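A quick write-up on the structure given underneath.
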Amino acid sequence: SSGENTGRGALIVLEGLDRSGKSSQCAQLASYLESQGVAVEAWRFPDRTTAMGRMISSYLSCQTDLDAAAIHLLFSANRWEKCSLMESKLKAGTTLVIDRYSYSGVAFSVAKGLDLDWCKGPEAGLPAPDLVFYLDISAEVAAARGGYGGERYEKLEIQKKVEKVFKSLKDTTWQSVDATQSIDSIQSVLREESVKAINECQSGKQLMQMWL
Ligand code: TMP
Ligand code: MG
């Protein structure tokens, strides 16, 4: 690269079912990019460190119950409370690699029976990812990997429904990656595509808004 960092950072999102391998791929991708001299941070949603995040965490661990609409809005608000920080990081040239985003927000709530357009509503206007990797694995294969924790959605029946909704959400920013490949094969696809996206953002690609 030419040295001076003038363009914005890229917003890169990993999505997929529970046990699809998102978290380890995110961490590996962020440290690879860092080793290449890219300013990068690894984030995740839900961000359980905030007050809203703690409410979400308590819901997910079944310590509290909330109406489907209420938890949907909390997940969304948990992204909005990070919106200005996301925008300022990107503008300052930092690339964000995020484990789950609005697509998870919509997929899980629609799987529970909420209306698709209603679910997209509160997400509209958030910064839109430049690149989304969907780690594609069937709910059955993911479940067979074992290691589901005891959290609320970590069950085959709901994961099957979520898988269907995810696939209906695919847009032009999505790249599906076969998540049954080796960790290294997946990682090399992620690295190559991320570098391309980062270069495009560096050279002036505009940041878009989610679902607008
Ligand atoms: P995590 O396992 O990645 O921490 O996510 C916790 C669970 O929350 C996971 O089952 C997916 C679900 N989820 C939603 O239902 N809505 C959202 O907006 C997000 C980010 C996650
Ligand atoms: Mg989980």
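Every number in this text was worked out from the coordinates using simple rules, so none of it is lab data. Keep in mind that this is a model prediction, so the values were computed, not measured. Methodologically, a virtual Cβ is constructed for each residue, glycine included, from the backbone with ideal geometry; neighbour enumeration extends over all protein chains shown.
Okay, here's what the table says:
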| read-out | value |
| --- | --- |
| Viscosity 0.692 mPa s, 37 °C: Kirkwood-radius Stokes-Einstein D of the stretch 74-180 over Cα pairs, µm²/s | 216 µm²/s |
| 25 Å tail of the calculated P(r), the chain, as % of Cα pairs | 36 percent |
| Tilt relative to the chain, helix 156-169 - C-alpha long axis, 0 to 90 degrees, to 10 | 40 degrees |
| Ile12, Ile198 arranged by Cβ crowding within 10 Å, fewest neighbours leading | Ile198, Ile12 |
| Extension gain (nm, one decimal) between Gln36 and Asp67, 0.36 nm per residue minus Cα-Cα | 6.7 nm |
| Contact order normalised by residue count of the chain, Cα under 8 Å, 6+ apart, percent | 35 percent |
| Candidates Asp130, Asp178, Asp99, ranked by Gaussian network fluctuation over the chain, Cα under 10 Å, top entry | Asp178 |
| Beta bridges by DSSP in the chain, antiparallel share as percent, to the nearest 5 | 5 percent |
| Hull shadow area, averaged, the stretch 126-212 [alpha-carbon convex hull, nm²] | 7.0 nm² |
| Peptides ranked, highest mean first, by Cβ atoms within 10 Å: ranges 180-187, 78-85, 20-27 | 20-27, 78-85, 180-187 |
| Inter-label distance for Ser138 and Ala92, nm, one decimal - labels placed 7 Å from Cα along Cα-to-Cβ | 4.6 nm |
| Backbone HN-Hα couplings from phi across the stretch 83-90 [Karplus 6.51/-1.76/1.60, Hz, Gly and Pro as x] | 5, 5, 5, 4, 4, 6, 4, 4 |
| Scaled radius of gyration (Cα, divided by 2.2 N^0.38 Å) that the stretch 13-63 gives | 1.39 |
| Qualifying aspartates and glutamates (Cα of each under 18 Å from Cα of Lys91; at least 8 residues distant if same chain) | Glu4, Glu34, Glu41, Glu81, Asp130, Glu200 |
